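Each reported figure results from applying straightforward, stated rules to the coordinates on display, with no laboratory input. Predicted model, so just to flag it, every value in this text is computed and none were measured. Counting neighbours? That spans all protein chains shown, and the Cβs are built from the backbone with ideal geometry, glycine included.
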2 protein chains.
Amino acid sequence: MFQDMTERARAYHHGDLRAALLDEAAAMIAEGGAASVTMRALGQRLGVSRAAAYRHFADKGELLVGVAAAGFGRLRDRLRTVDADAPRSSVERVRRMGEEYVRFALENPAHYRLMYGKEALGRQEHPELREAGSALFEQLVDVIQAYQRSGGIKREDPRALAYVAWSAVHGLASLLVDGQIQGADDVDGLIRQTTRTVLDGMRARPRRGA
Amino acid sequence: MFQDMTERARAYHHGDLRAALLDEAAAMIAEGGAASVTMRALGQRLGVSRAAAYRHFADKGELLVGVAAAGFGRLRDRLRTVDADAPRSSVERVRRMGEEYVRFALENPAHYRLMYGKEALGRQEHPELREAGSALFEQLVDVIQAYQRSGGIKREDPRALAYVAWSAVHGLASLLVDGQIQGADDVDGLIRQTTRTVLDGMRARPRRGA
DNA sequence: GTGGACATGTTGACTTTGTCAACATGCGCG
DNA sequence: CGCGCATGTTGACAAAGTCAACATGTCCAC
């Protein structure tokens, strides 16, 4: 009953409208920012009425959560690709992932903003979004654990270290995407410097303070 | 003509409505999030009509930019206080500032989100907001330069280092505020670990890789 | 002083947008 | 074959931002 719903939907009036809505909304976000996504405009672009989306999403918020989740999925795939692509040392793996993370944000600024924005916020209970975000984070934890095993990094809680790394790349991505960083003539350099600094700070060695 | 406008306004119908609007909007944001700020509700809370704000702000966006700028001001003051309060070593100064930064965000989540949110975004040309943000950043640059002079830190471009540090604290603050970090039983510990890691990564010492 | 100019505030109205209810339609199954 | 359900449409409404027209208080020039 449920497993063939997708089948039916695909061969229905419009085709898989649900997927089409998510795709089109993402496209609109890329073109004109999240504010340009309007139920009416969205429907028009798909040759469908304004209220059609309500057969697939409870409200606009849920639609946007879906788009955000898809964004996390795309990001995760991209990081996975770059990671598989690079059978280098553990340091390089982590660094590559971090840099690619920021690059993704720069290439999809509005989408990235949505992923961490208030639309998705408060919707944490949403399983789809929660899973998508978690999957991304676990990927980071894995790489960090591998790095730890190779001995180049502190033996602290890998999840805590992952949070630190995530904070750094997410912070940099946010500031860049929001145009807060201005004097950045060399964005790539700044990205590298950020990942390098954080990784250096994680290196295993006797701590002095605290 | 302009310098006495404030004078006049203060003794006018309502008193300094402009300032009252900014304060009340900030209060509403703290209470119910940015979405709860409505021109109508705002006016009601001040015993003023819905359109009254338009005599002081071009549109709702400009009002919110004002609130955001005020937020940067409060944050700057707070960091300044904490910094003056702590005549410790340069490391401690930077660390304290970073930790206080995150704490501010946690105490004023909605306001913090607004400061870096899309309302303020694209309004970068706005002199008020630009100045408020810059002032905050320059403060960070100053502390980092002092740290550099004391010899504990790399002699790289202080602004670049400041961006790295800013990214880390802003990223952590954002993730915490948005509830993305879940398994954080020990938030304070995570904050300390983040500042420590970044500062360690900035320590002056021969680099190995890259 | 007094009248006009200007800043400030109000009210009514319009527009956009999200959303729902009522209705229409097409597909698949008994 | 016809019923039922998923899907889509249309009309309508409410919330909210915003503007134009109007009202009013203050201050300056005369």
Take every Cα pair under 8 Å in chain B that's 6+ residues apart, average their separations, divide by the length, and report that relative contact order as a whole percent. 20
Given the options A:LEU136, A:LEU175, A:LEU79, state which has the largest fluctuation in a GNM of chain A using a 10 Å cut-off (strictly under) for Cα springs. A:LEU175
Enter the mean number of other protein chain beta carbons within 10 Å of the beta carbon of each residue in B:155-161, as an integer. 3
Once whole DSSP H runs in chain B are found, which of them have Cα atoms spread over 20 Å or more along the helix axis and a mean Kyte-Doolittle score of at least 1.0? B:158-177
The local net charge around A:GLY171, scoring Lys/Arg +1 and Asp/Glu -1 for residues other than A:GLY171 whose Cβ lies under 13 Å from its Cβ, equals -2
Among all stretches of chain A without exposed chymotrypsin sites (Phe, Trp or Tyr not before Pro) (DSSP loop, at most 12 other Cβ atoms within 10 Å), which one is longest? A:13-210
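Can you compute the equivalent ellipsoid semi-axes for the protein assembly as shown, i.e. the square root of 5 times each eigenvalue of the Cα gyration tensor, sorted largest first and rounded to whole Å?
Working: eigenvalues 257, 230, 55 Å².
Value: 36, 34, 17 Å, ordered largest first.
Please give the average number of partner chain Cβ atoms lying within 10 Å of the Cβ of each residue in B:180-188, rounded to a whole number. Write down the numbers at each step before the final one.
Values: counts 12, 6, 7, 5, 3, 0, 2, 0, 0.
Mean partner-chain Cβ count within 10 Å for B:180-188: 4.
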If I build a Gaussian network model for chain A, linking alpha-carbon pairs within less than 10 angstrom, which residue out of A:ALA35, A:ALA25, A:ALA162 has the largest mean-square fluctuation? A:ALA35
Potential lengthening between B:ALA135 and B:ARG149 on full extension [0.36 nm per residue; Cα-Cα distance subtracted]: 2.9 nm
I want to verify a result. In a Gaussian network model of chain B, Cα cutoff 10 Å, which of these has the top mean-square fluctuation: B:LEU63, B:LEU17, B:LEU129? B:LEU17
So for the pair B:ASP142, A:ALA35, with labels modelled 7 Å out along Cα→Cβ, what separation do we get in nm? 3.4
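Within chain B, which is the longest segment that contains none of the trypsin sites (Lys or Arg not before Pro) sitting in a DSSP loop with at most 11 other Cβ atoms within 10 Å? Write out the running numbers ahead of the final one.
Values: sites that count: B:ARG88, B:ARG155, B:ARG207, B:ARG208.
The segment B:1-87 is the longest one with no such site.
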Given 5 Å bins starting at zero, what is the percent of C-alpha pairs of chain B in each, up to the one with the largest pair distance? 1, 7, 14, 16, 16, 14, 11, 8, 6, 4, 2, 1, 0, 0
Inter-part distance where region A:13-80 and region B:162-204 are each reduced to a Cα centre, Å: 33
Would you please give the FRET efficiency between B:LEU106 and B:ARG203, computed as 1/(1 + (r/R0)^6) with r the Cβ-Cβ distance and R0 = 35 Å, to the nearest 0.05? 0.80
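DSSP loop (so not H, G, I, E, B), at most 13 other Cβ within 10 Å: list which GluC sites (Glu not before Pro) in region A:90-176 pass both filters. Present the calculation step by step, with values, prior to reporting the outcome.
Numbers: sites: A:GLU92, A:GLU99, A:GLU100, A:GLU107, A:GLU119, A:GLU125, A:GLU128, A:GLU131, A:GLU138, A:GLU156; in loops: A:GLU119, A:GLU125, A:GLU156.
Taking region A:90-176 and a limit of 13 other Cβ atoms within 10 Å, the loop GluC sites (Glu not before Pro) found are A:GLU125.
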Quick one: what do you get for region A:148-201 if you divide its Cα Rg by 2.2 N^0.38 Å? 1.31
Under the helix-only model (-39500 (n - 2.57) for each DSSP H run of 4 or more, divided by the residues of chain A), the mean residue ellipticity at 222 nm, to 500 deg cm²/dmol, is -22000 deg cm²/dmol
